[in-house]
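Notes to accompany the following structure.
No lab work stands behind these numbers, since they all come straight from the coordinates. Note that the structure is a prediction, hence the values are computed from the model and not measured. Neighbour counts run over all protein chains shown; Cβ positions are idealised from the backbone, glycine included.
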Amino acid sequence: MYAVSKRSCFEHKRKKKYLYQEIYQTLKNDIESGKLNPGDKLDNENELKDRFNISRDTLRKALAKLEAEGYIKRKNL
């Protein structure tokens with residue numbers, strides 16, 4: 001039988017950094033540093049996923065977060 005210790009498990013919970021967050025941060029840093037400027041086009045999804053060696057789903061999560069925060073806009077061609 002197990003019992004909860006006096007030490008709350010939430011006190012020592014490490015923040016897990018997911019891969020999409022790292023990609024998000026990398027692209028965000030590129031934008032904020034001026035490496036990418038307003039109006040610049042990002043590489044297409046296939047090029048980005050190959051560049052970062054990640055799945056399309058992971059890339060889309062990172063791009064969705066950037067879009068939600070106003071860093072990028074999706075343009076349908």
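A few points about this structure:
- Packing-based ranking, highest mean first, of 22-33, 65-76 given that Cβ atoms within 10 Å are counted: 22-33, 65-76
- Between the beta carbons of ASN37 and ARG60, assuming R0 = 25 Å, the FRET efficiency works out to 0.60 to the nearest 0.05.
- Residues with amide H under 5 Å from that of LEU42, placed H, sequence gap 5 or more: none
- Förster radius 22 Å - calculated FRET efficiency between LYS17 and ASN46, Cβ distance, rounded to 0.05: 0.35
- Protection proxy ranking of 34-43, 48-57 - average other beta-carbon atoms within 10 Å, highest first: 48-57, 34-43
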